[in-house]
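What follows is a set of notes on a single structure, which appears directly below.
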Amino acid sequence: MSTELPPWLKGRKQRVGTVVSDKMDKTVAVLIERYVPHPKYKKRIKRSKKFLAHDENNECRVGDVVRIIETRRYSKRKAWKVLEIIERAK
């Protein structure tokens, strides 16, 4: 499911992750997981990072898979915005 972006949003970083917290007002915590090879042994290791993302309408729930996009800074830790909800939690 690809979202056509307006010209001023093209080139910005996008990530897909899972919502792990929605307890804040208009903010969700999104967990992004990626695999990187170990420098010496080359085994794939899972690395994860949490991003705070702006959710204007409080639509996201814990367990939702969402796409977030880089945007202006909303606060000290929040510089991402929820672009779309890809899959709802079951």
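The values are calculated or read from the model by the stated rules, or taken from the named source; none is laboratory data. Everything numeric here is computed off the predicted structure, so don't read it as measured data. Neighbour counts run over all protein chains shown; Cβ positions are idealised from the backbone, glycine included.
Looking across the range 39-70, just one residue is within 11 Å of Thr18 (Cα to Cα) and of a type in the set (Phe, Trp, Tyr), and that is Phe51.
Filter the range 1-20 down to residues that are of a type outside the set (A, V, I, L, M) and under 12 Å from the mean Cα position of the chain (by Cα) and give me whichever is nearest to Lys90 (Cα to Cα). Give the steps one after another, and end with the answer.
Of all residues in the range 1-20, those of a type outside the set (A, V, I, L, M) come to 2-4, 6-8, 10-15, 17-18.
Filter once more, keeping what is under 12 Å from the mean Cα position of the chain (by Cα): 13-15, 17-18.
Details: Lys13: 28, Gln14: 24, Arg15: 21, Gly17: 16, Thr18: 13 Å.
The selected residue is Thr18.
The C-beta contact set for the range 39-65 (first residue within 25 Å of Lys76 (Cα to Cα) and of a type in the set (D, E, K, R), second residue part of a loop (DSSP other than H, G, I, E, B) and at pLDDT below 95, distance under 9 angstrom, 6+ apart or interchain) comprises Arg61/Ala89; Asp64/Ala89. Note on the range 52-90: residues that are of a type in the set (A, V, I, L, M), in contact with an Asp or Glu (Cβ under 7 Å, 6 or more places away or on another chain) and surrounded by fewer than 19 Cβ atoms within 10 Å (Cβ to Cβ) total 5.
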